[in-house]
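The values are calculated or read from the model by the stated rules, or taken from the named source; none is laboratory data. Because the structure is a prediction, the values reported are computed rather than measured. Counting neighbours? That spans all protein chains shown, and the Cβs are built from the backbone with ideal geometry, glycine included.
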Amino acid sequence: GGGEGGGDRSQASQCLLLRMTQDGGLPFLSALAAFRFRVLYANVCNDFLVKMETASIAGTFHPRLLRLPPIAPQYPHIVFDTRQHVTEWPPVKWREDKEGQNEGRFFEGDDRAPLLATMLRTLSGLGWRRVAARFERTVDGTRPLPFPLQFTNAHNKLPVVRPLLDGAGSDSVEHLCSVWAQHAAE
């Protein structure tokens, strides 16, 4: 079901989402596979619109991402970059970490779990460069932001939707530009 009166519509959208991870009547999957480079950017925390697991096409969230230092001084919010296409996420070596062992698939218990697992497996199989950003709601990493800004959503910081409010994300845009330049040179 999909809530009040939306059952049929919800089932139709679920079927559409599954079809979009396959090549049936339309070449959805082969169109994605045709891209030489596929890069996913995901916020590790404070993104109230798109969860990390969804944005990174991952079945689990690994707490290690909350503690990683920036990958470089010029990218203070970018905390992880696979630097190449990978099909396994989180990295295999992290799965041995006891801290992450209690993390289940984010869709466990959901009645759509088989559908979501199929979509995850299919899309992950294409291989993606995965980049993780962490936008904490603090002034300097320790002090909370003033009242109205405490509730800003990290979702807008990756693309710097509003420069005045989201300007802290300019390094993520610079990282994206460097990734594009790197791919253009290959």
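Computed quantities for the displayed model
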{"quantity": "Helices (runs of 4 or more DSSP H) contained entirely in the stretch 49-138, each with at least 1 residues that are out of contact with any helix residue (DSSP H, G or I) (no Cβ under 7 Å at 6 or more places or on another chain), modelled with pLDDT of 80 or more and loosely packed, with under 13 Cβ neighbours inside 10 Å", "calculated": "113-124"}
{"quantity": "Residue tally, condition part of a loop (DSSP other than H, G, I, E, B) and free of Cβ contacts under 8 Å to residues at least 12 places away in the same chain, over the stretch 24-48", "calculated": "5"}
